[in-house]
Every structure is written in structure tokens, then in C-alpha cells.
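Student: Mind having a look at this structure? Questions to follow.
Nothing in this text is a laboratory measurement; each read-out follows from the coordinates by a stated rule. None of these values were measured; they are calculated from a predicted model. Glycine gets a Cβ as well: all are built from the backbone with ideal geometry, and neighbour counts include every protein chain shown.
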Amino acid sequence: MSSPGLFESGDAPADMQMAAAALLADSKDVKMMLRVLARTLQSTLPERVEVTRPTGGLLHRQSEEIKAVTAHLGQDDYVAELEGHGVRCTVSRSSGGIRIRNEEVPVEQWLTRLLDALQVLAVENQSARAALQNVIVGGSL
């Protein structure tokens, strides 16, 4: 099932930083990494993840490409939006339905913070545990 070090490690921040670095190293194409991450999170946490895809083209069909991914975890929203050849990542905090903070962060930090939030949620949520395992242990990316 879950690896003991993944969910109960005292070195969780270091573990998540290493996991994020491994994901980024394995996936040099940010668009591909974001597409696979979006698919993994949306399939395991559909109520917490929104995926925006570009529309248009022939018959106005949605593309497999990803425009943005938003994960609502706890009080924070983790948003990654493709911009040209790069990605713009933000972490927003809301309280009482009002956004009180919006912080733009590098993709590495965004991914680490997203994985940290998933780890916290995974303690009591089976879907979050599955998402975290699929991303890290399963090597989905």
C-alpha cells in the first residue's frame, strides 16, 4: 500500500523537494509534465482539480493540450498556467471565500508545495493518497 516513509516521514519537506526535482528531471517538457500531472490529479481528485484546455480548431473540439491546472487543497489554490514555452505558477490563499494572498512561485517550488499539500491531505483522504502515490511512487510522470 503506502510506503511508510512517504506519509509518515519526519523529513517530509526534503522528501517532497526530492520528489519534485525527480519529476521535473524526468519530464523536461513542461507541457507534457503538466498534461500528465493534470490527468493524474483529475482522475483521483476530480472534486478538487480543474483543468482548462484550449478550445477551437476543427469542429471546436477540446484539445488534449492543457492550458491551466488548478488544484484546490485546503485553504490554498495551486494554479499552473502555460505561457508560451514556460509555465506561470501561483499559490493563492483564501479565507471566507475571499482571496487574501496570491503568490507567484517557480515551478519547482509550486510542485513541492502541491506535493506537500497532497501529503497532508493523504493522511485522511484515500483519493489524495492515491493521487500522491500515482505521482510519486507510481512514477506517472
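Student: Check Lys67: other-chain or 5+ apart residues with amide H under 5 Å from its amide H, H built from backbone geometry?
Tutor: Thr52, Arg53
Student: Another one. Return the FRET efficiency for the residue pair Ile100, Glu65: r is the Cβ-Cβ distance, R0 is 22 Å, and the value is rounded to the nearest 0.05.
Tutor: After rounding to 0.05, the efficiency reads 0.10.
Student: Can you list residues from other chains, or at least 5 along the same chain, whose modelled amide H is less than 5 Å from the amide H of Leu73?
Tutor: Here Tyr78 satisfy the definition.
Student: Give me the extension gain from Ser43 to Val30: residue separation times 0.36 nm, minus the current Cα-Cα distance, reported in nm with one decimal.
Tutor: 2.7 nm
Student: Give me the distance in nm between label points sitting 7 Å out from Cα along the Cα-to-Cβ direction at Thr55 and Thr90, one decimal.
Tutor: 2.2 nm
Student: Then there's this: Rank by packing, highest mean first: peptides 104-115, 86-97, with packing defined as the count of other Cβ atoms within 10 Å averaged across residues. Walk me through the intermediate numbers first.
Tutor: Values: 104-115: 18.3, 86-97: 14.0.
Sorting 104-115, 86-97 by mean packing, highest first, produces 104-115, 86-97.
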